[in-house]
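Chemist: Got a structure here, written out as structure tokens. Questions coming.
The values are calculated or read from the model by the stated rules, or taken from the named source; none is laboratory data. Just so it is clear, the model here is predicted, and its values are computed rather than measured. Please note: Cβ atoms are built from the backbone with ideal geometry, for glycine as well, and neighbour counts cover all protein chains shown. For accessibility, only protein heavy atoms count, side chains too; no ligands or nucleic acids. Shrake-Rupley method; radii C 1.70, N 1.55, O 1.52, S 1.80 Å.
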Amino acid sequence: MRMIKKFIIISFAKAKEYKFDFFMIWVYMCINLFTTLIFWLIVNQNTYLPNWTYQELIIYTLILDFSQSIGQVGFGITQLPYALQSGEFDLMMIKPLSPILFLIGKYMNLSLIIQRVVMTSFLLIISFYIFSIELAFIHVLVSFIMILMGALIYQMFNALLHFSAFWLKKVDFITNLFYSLDDFQQYPLDLFDKLTRYIFTLVIPFALICYYPSLILLNKTDIQIQFLMIYLGVFIVFLFITRCVYRWGVSKYESFGG
């Protein structure tokens, strides 16, 4: 617990040291919003998007940004391959905190994550007001829970990719291939065929990050128990697989003497 508090203090200290980052986040989000407005404006004029208005697509993008901001908490997991190569992982294994939690805490910039979440939330509220879209409290609550679970599931999937470093050492080719698919997150699932929808929901969980929460928040569907069951089921499966693969990787790492 003391170590976690220490990581949080260090995280906020870094934010004070790099105050220019706060300004750059605003610049980044404004540029991202502007390019998104232009992108969906062009697409909307040339492509038929079933069941999605231009305003809803803007909100969809902001919800995606909000979810990705929360997901930044797990950025430290991406540093596992480098920790293994440098031998730093050996030192982590003798610490009282789990090596994965240690990596997450070490590389987490909590202050900037909070700033980005607050900024995205502000833009979402403004967008709902400007577009005159009504919000129901229960829809906001359920959507928020789904976003949190979706972000956790996505981070577990991301962790599985980086856990392959226990066997392959260098995994840049795997992670780069995966990151090249990231752009699919910005498109509503309606644009894809049935098989792709299943893949982006149950295998590569892009849809859980933004698509289903957006349907609920925008009142495009009723709150169905099947949505929550899908999230819970996928969460349990990924949690089980992630724990098993990590323990298997650590045991292999230890058997070779680190």
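Chemist: Mind telling me which of the residues Y212, Y246, Y231 ends up being in contact with a Leu (Cβ under 7 Å, 6 or more places away or on another chain) and either among the charged types (D, E, K, R) or at pLDDT 90 or above (or both)?
Modeler: Y231
Chemist: May I ask you to list the residues in the stretch 133-152 that are open to solvent by 70 Å² or more (accessible area, probe 1.4 Å) and at pLDDT 90 or above?
Modeler: Within the stretch 133-152, L141, F144, I145, L152 meet the criteria.
Chemist: Go through F227, F240, F235 for me and flag whichever is out of contact with any Gly (no Cβ under 8 Å at 6 or more places or on another chain), over 14 Å from S143 (Cα atoms) and touching a residue at least 12 places away in the same chain (Cβ under 8 Å).
Modeler: F235
Chemist: Please pick out the residue among I113, I130 that is among the β-branched types (V, I, T) and surrounded by 15 or more Cβ atoms within 10 Å (Cβ to Cβ).
Modeler: Step by step, each of I113, I130 is checked, and only I113 is among the β-branched types (V, I, T) and surrounded by 15 or more Cβ atoms within 10 Å (Cβ to Cβ).
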